[in-house]
Amino acid sequence: MTIVLFLLILIGSLSALTAVETRRIEQRYPPDGTRVEIGGGAIRVLERPAEGEERGAILLIHGASGNAADLFVAVSARLSRAGFRVLSFDRPGHGWSDRFGGRDAASPVVQAEALRRAAQKLGVARAVVVVHSLGGLAGLAMALHHPDFVRALVLIAPVSHPWPGGVAWYYTLGAHPWLGPPFCRLVAPPAVRLRMRAAVAGVFAPNRPPRDFIEFTRLPLLLRPLHFRANCEDVAYAAAAVAALSPGYGAIRAPTEIVTGDSDGVVYAHIHSEGLARDIPGARLTTLAGVGHAPHHVAPDRVVGIILAAEQRAAEREAAFATASGVNDLTA
């Protein structure tokens, strides 16, 4: 009886602590930007308008354990100065986006559809799609299932192909239908908080994270139980997702640029980035020396240059198509 009482007190204390911490985090990082209702839920977007005459839209999709602020703080100002409207989305269940889609919520196809619909509600009919890490799966799904929306595709340190081994045990546990909810509420928040700085250092290694990276990217939002569980589900589902998507990469026709670091310790560049360069027709791979898993923060000017090169390739293809169509009209 004493042990049972102790366990009940412990569970109640941890649950109350998580609830208090969740409220504190949400007060510190409120839902700025815009929440776009798309039916069944809302997607949060951070937006930066183009400086001067607008040249088009660029859509940013973050990876695992993050939110829209990650790519936004790294590259949006540079892209805006280059004349582009920049929209950075929280994937469903992350940041301030709702988790919807039922049991398929972790599917990159479902997430790609939700983000595309949100962009279209904001008046974006076509965009250059820029993705990082696990967000690469949503970008690849978008290019496969909505080719008319994706003008060009830029994949930064992407996840894309089957890899040896599984994922860390805590992702599998957090995604478990019965054990996941109590784990994400009682155990994960304090444990992840204690390891957050070390985890960030591991992502950036061998580079150093920018000063105040955790604050600027609002990373503590991940500590909320529902956000953490969505993240676990996405990571745990990734193996099934790459198995389903990767056989179709040869059908992608959007101009594609891939950028990776040669010192990435999070994903296998020789499997994912090199695999995409092999499988996607016309894809170009740039490998940055001495760079880890966060090229957009470590080498933002190089990454922005690659994004602009992708957009230029798209513009040239569109011009060539328009010319060919005009010639065909004249000779019809």
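A few points about this structure:
- Check on residue 154, closer than 30 Å to residue 82 by Cα, in a strand (DSSP E or B) and in contact (Cβ under 8 Å) with a residue 60 or more places away in the chain: yes
Per-residue answers, yes or no, for (1) in contact with an Asp or Glu (Cβ under 6 Å, 6 or more places away or on another chain); (2) in a helix (DSSP H, G or I); (3) of a type in the set (Gly, Ala, Ser):
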{"residue": "254", "(1), (2), (3)": "no, no, yes"}
{"residue": "259", "(1), (2), (3)": "no, no, no"}
{"residue": "271", "(1), (2), (3)": "no, no, no"}
{"residue": "276", "(1), (2), (3)": "no, yes, no"}
{"residue": "287", "(1), (2), (3)": "yes, no, no"}
{"residue": "293", "(1), (2), (3)": "yes, no, no"}
{"residue": "296", "(1), (2), (3)": "no, yes, no"}
{"residue": "301", "(1), (2), (3)": "no, yes, no"}
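- Yes/no for residue 249 being aromatic (Phe, Trp, Tyr) and over 15 Å from the mean Cα position of the chain (by Cα): yes
- Condition check for residue 150: farther than 23 Å from residue 217 by Cα, of a type in the set (A, V, I, L, M) and surrounded by fewer than 24 Cβ atoms within 10 Å (Cβ to Cβ): no
- Residue among 306, 280, 258, 214 that is over 19 Å from the mean Cα position of the chain (by Cα) and of a type outside the set (S, T, N, Q): 280
- Qualifying positions in the range 111-129 - of a type in the set (Lys, Arg) and either more than 16 Å from residue 154 (Cβ to Cβ) or surrounded by fewer than 17 Cβ atoms within 10 Å (Cβ to Cβ) (or both): 116, 117, 121
- Some residue of the range 264-284 being of a type in the set (A, V, I, L, M, F, W, C), surrounded by fewer than 22 Cβ atoms within 10 Å (Cβ to Cβ), in contact with a strand residue (DSSP E or B) (Cβ under 9 Å, 6 or more places away or on another chain) and more than 18 Å from residue 162 (Cα to Cα): yes
- The one condition from (1) closer than 24 Å to residue 294 by Cα; (2) without any contact (Cβ under 8 Å) to a residue 12 or more places away in the chain; (3) touching a helix residue (DSSP H, G or I) at 6+ places or on another chain (Cβ under 9 Å) that residue 104 does not meet is (1).
Every read-out reported here was derived from the displayed coordinates using simple, explicitly stated rules and does not represent laboratory data. These figures come from a predicted structure and were not determined experimentally. Every residue, glycine among them, receives a Cβ derived from its backbone with ideal geometry; neighbour counts consider all protein chains shown.
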